[in-house]
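Before any comments, here is the structure.
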Amino acid sequence: MAELHTDQGARQRRAPEPYPASDPESLRLAALYRYGVLDTAAEPAFDALALLAARSCGASSSLISLVDQDRLWFKARVGIDAADAARADSPCSCAIAEPDALMLADLQGDARFAAHPVVGAAAGWRLYAGAPLVTPEGWPIGTLCVLDRDAKALSAQQSETLGLLAQQVISQLELRRVRTLLDAQCTTDAVTGVWNRQAFERRLQQEWARWERHGGNLALLAIDLDHFKRFNGLYGHARGDEVLQQVALALEGTLRAHDVLAHYGGGEFAVMLPMTDSAGAVTAAERVYRAVDGIEWRAQPMTVSVGVAVATHGIDVEPASMTLRAHRGLTQAKAHGRHRVELYSA
């Protein structure tokens, strides 16, 4: 395949803007978003805490209500069908500003929340009691609240229990965050931030099984930085790590949401392309090629060689055979002068 050149720079992800230190609400939202829990599926630990809250307080319903920018999102709920609700005019939004639990014995007599359609008097609720969910850093991100259709007050013991259960909700969120971080460490390459080889090969096995069951197409790119070992020798491994990070960002900018990128080690990367035939795979490889050509390098220009392979029924019996053919395409690209793309179809 002919060599490809372009002056177009690689698309790179923009880092999010930092939250203004002077804006407490932005910092509170940042604390909520760090948990990565919004819009996730139900989880037994949180469902159990919501149920315990309702039973302990003699209430018919309960919510683990996380207060987002303009909505309430319910991580767990008992006796309420809605998965979220408007934040405006809600007692949950008011409760996060309270140092202790917000206790409203009769919502019918409180004009602030009368019209709220999910957690207000308009929904038929009378009792509302909400204990704030406060992070270890002191940010209130939501409430553990109970609701009932009878007007009544919680006892001191019930109020204390609700507060203790709210602390357990935060403990579960912290455990969930730690598990997520550990999972990321096990699947993420420390230098580039993309998937590592082991995680990529597990994901390839899953996609391979789907391809065998349902057919369609599946392609693989084997990518190697040309003369990367020599670059490390000239400039050192710290500068080499910078190159790898630049390449990873450039490659990510060429891929679709369902494509999978991994750093295999050294100067080698791999890309899995689900639902992609040979023509689409070559096009994707050419985008990769051009993206790396377009990087503004600090030390010296770097290029890549790319091998392409497509899963083929009757030839490939396991992912390793397709991987081998992609690497054979990469070997051909290097043998033909590097800085090129080769589709291996034999």
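Every number here is computed from the coordinates shown, using simple stated rules; none is lab data. Worth saying up front: this structure is predicted, and the values here are computed from it rather than measured. Reconstructed Cβ throughout: ideal geometry from the backbone, glycine too, with neighbour counts over all protein chains shown.
Taking the longest Cα principal axis of the chain as reference, the axis of helix 24-34 is set at about 60 degrees.
The calculated P(r) of segment 178-281, using every Cα pair and 10 Å bins from 0, goes 14, 41, 31, 12, 1 in percent. Rounded to the nearest 500, the helix-only mean residue ellipticity at 222 nm of the chain stands at -13000 deg cm²/dmol, with each DSSP H run of n ≥ 4 adding -39,500 (n - 2.57).
For the chain, a simple Cβ point-charge model (Lys and Arg +1, Asp and Glu -1, everything else neutral) yields a dipole of about 660 debye relative to the Cα centre.
Computed from Cα atoms, the angle from the helix 44-56 axis to the main principal axis of the chain rounds to 0 degrees. For the chain, taking Cα atoms only, Rg and Dmax work out to 27.1, 82 Å respectively. Here's the list of aspartates and glutamates a cross-link from Lys75 could span, going by alpha-carbon distance under 16 Å and ignoring same-chain residues fewer than 8 apart: Asp39, Glu43, Asp47, Asp84, Glu174.
Packing-based ranking of 142-148, 109-115 yields 142-148, 109-115, ordered from highest to lowest mean Cβ neighbour count within 10 Å.
Taking Cα centre as origin and charging only the Cβ of basic (Lys, Arg, +1) and acidic (Asp, Glu, -1) residues, the dipole magnitude of segment 116-234 rounds to 160 debye. The stretch between Arg197 and Arg338 holds 48.4 nm of extra length on full extension. This uses 0.36 nm per residue minus the Cα-Cα distance. Taking the charge dipole of the chain about its Cα centre, with +1 at Lys and Arg Cβ atoms and -1 at Asp and Glu Cβ atoms, the residue from Gln205, Ser90, Ala326 reaching farthest to the positive side is Ala326. Could you please state, rounded to a whole Å, how far the C-alpha centre of segment 108-155 is from the C-alpha centre of segment 192-257? Taking the Cα centre of each part, segment 108-155 and segment 192-257 sit 49 Å apart. Straight-line cross-link partners of Lys334 among the lysines, defined as a Cα under 18 Å from its Cα and at least 8 positions apart when in the same chain: Lys229.
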